[in-house]
Structures are given as C-alpha cells and as structure tokens.
Amino acid sequence: MSIVRAKYKIGDVVRHRFYPFRGVIFDVDPQFANSEEWWLSIPEDVRPRKDQPFYHLFAENEETTYVAYVSEQNLVPDESGRPVGHPDLGQYFNGMKNGRYQLKPQAAH
C-alpha cells in the first residue's frame, strides 16, 4: 500500500472544482471515511475515487454555510484572499495570516 500525502493542509482556503462553494479545511482523512450510502448518493459520472484524501470543510456558498466532505480531486486553491464567513471558524482558528487560517493550539488533534 502506498503512502498518500494530502495536497492541502488544515487552514487552507479551497473551492470546489465544479460546484459554487468554498471553505476552510478543518480536518483531513487520508482516504474515504464516510458511509457507503453517502458515496453512492453522488452521481456516478462525478463520483470520486475512494483512494485519495478527503477533506472536511467549513463551507459557504451564496445562500448558506455548512460542513462539506470533499475529495482532493474536486478541490482547487481559492486565491481570492477573501475570508470565509462560516460561524464555526472561531472555534478552531485564530483568523487568517498569509492566506491561510491559523489553527488555535487547543483545536489541534
């Protein structure tokens, strides 16, 4: 089994490759760690491989904020420099510095 290295880190601001949302990474799974039901609910033509990192995001779109679970293949860096407006960010992060959110020491796993 090969070692998979995550492309993104906790605190990175990313956006979805296809869907109109962006967010801050707050956790990383080295490979798929959600339910089979969740995975099968994704349309087959856009369903991601399971053998890649998956990211937990504090996400936002034009209408709302939520938590998203997204495969690495479907993320790209968000280089807008704009802060993310998710209400739970303050529980984990001390704000933004150099385009990344800074994890609070007590929030580290």
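Looking only at segment 66-109, how many residues end up being within 27 Å of Trp38 (Cβ to Cβ) and of a type outside the set (Val, Ile, Thr)? Spell out the reasoning first.
Within segment 66-109, the first condition is being within 27 Å of Trp38 (Cβ to Cβ), and the residues that meet it are 66-78, 84-89, 91-93, 101, 103, 107-109.
Checking the rest, the ones that are also of a type outside the set (Val, Ile, Thr) come to 66, 68-69, 71-75, 77-78, 85-89, 91-93, 101, 103, 107-109.
Matching residues across segment 66-109 total 23.
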Practice task
For segment 29-48, state whether one or more residues are among the hydrophobic types (A, V, I, L, M, F, W, C), free of Cβ contacts under 8 Å to residues at least 60 places away in the same chain and touching a Phe, Trp or Tyr at 6+ places or on another chain (Cβ under 6 Å).
Solution key: yes
Practice task
Can you work out which of the residues in segment 25-56 that are of a type outside the set (Phe, Trp, Tyr) and in contact with a helix residue (DSSP H, G or I) (Cβ under 6 Å, 6 or more places away or on another chain) is surrounded by the most Cβ atoms within 10 Å (Cβ to Cβ)?
Solution key: Pro53
Exercise for the section: Tell me which of these Phe21 doesn't satisfy, since it passes every other one: (1) touching a Leu at 6+ places or on another chain (Cβ under 9 Å); (2) over 13 Å from Asn74 (Cβ atoms). Expected result: (2)
Practice task
Go through (1) touching a Ser or Thr at 6+ places or on another chain (Cβ under 8 Å); (2) on the phi > 0 side of the Ramachandran plot and name the single condition Arg49 misses.
Solution key: (2)
Exercise for the section: Taking Glu79 as the residue in question, decide whether it is part of a loop (DSSP other than H, G, I, E, B) and among the acidic types (Asp, Glu). Expected result: yes
Handout entry: For Ala6: the one exception among (1) in a strand (DSSP E or B); (2) touching an Asp or Glu at 6+ places or on another chain (Cβ under 8 Å); (3) not charged (D, E, K, R)
Key = (1)
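Could you tell me whether any residue of segment 90-103 is of a type in the set (A, V, I, L, M), farther than 19 Å from Ala6 by Cβ and part of a loop (DSSP other than H, G, I, E, B)? Full working, then the answer.
Going residue by residue through segment 90-103, those that are of a type in the set (A, V, I, L, M) are 96, 103.
With farther than 19 Å from Ala6 by Cβ added as a condition, the list becomes 96.
Going one step further and asking which of them are part of a loop (DSSP other than H, G, I, E, B), we end up with none.
The answer is no, given that none of the residues of segment 90-103 is of a type in the set (A, V, I, L, M), farther than 19 Å from Ala6 by Cβ and part of a loop (DSSP other than H, G, I, E, B).
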Exercise for the section: Kindly indicate whether any position in segment 75-91 is surrounded by 14 or more Cβ atoms within 10 Å (Cβ to Cβ), touching a helix residue (DSSP H, G or I) at 6+ places or on another chain (Cβ under 6 Å) and touching a residue at least 24 places away in the same chain (Cβ under 8 Å). Expected result: no
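Readers should treat all values here as calculations from the given coordinates under stated rules, not as data from a laboratory. Predicted model, so just to flag it, every value in this text is computed and none were measured. We place every Cβ from the backbone using ideal geometry, glycine too, and count neighbours over all the protein chains shown.
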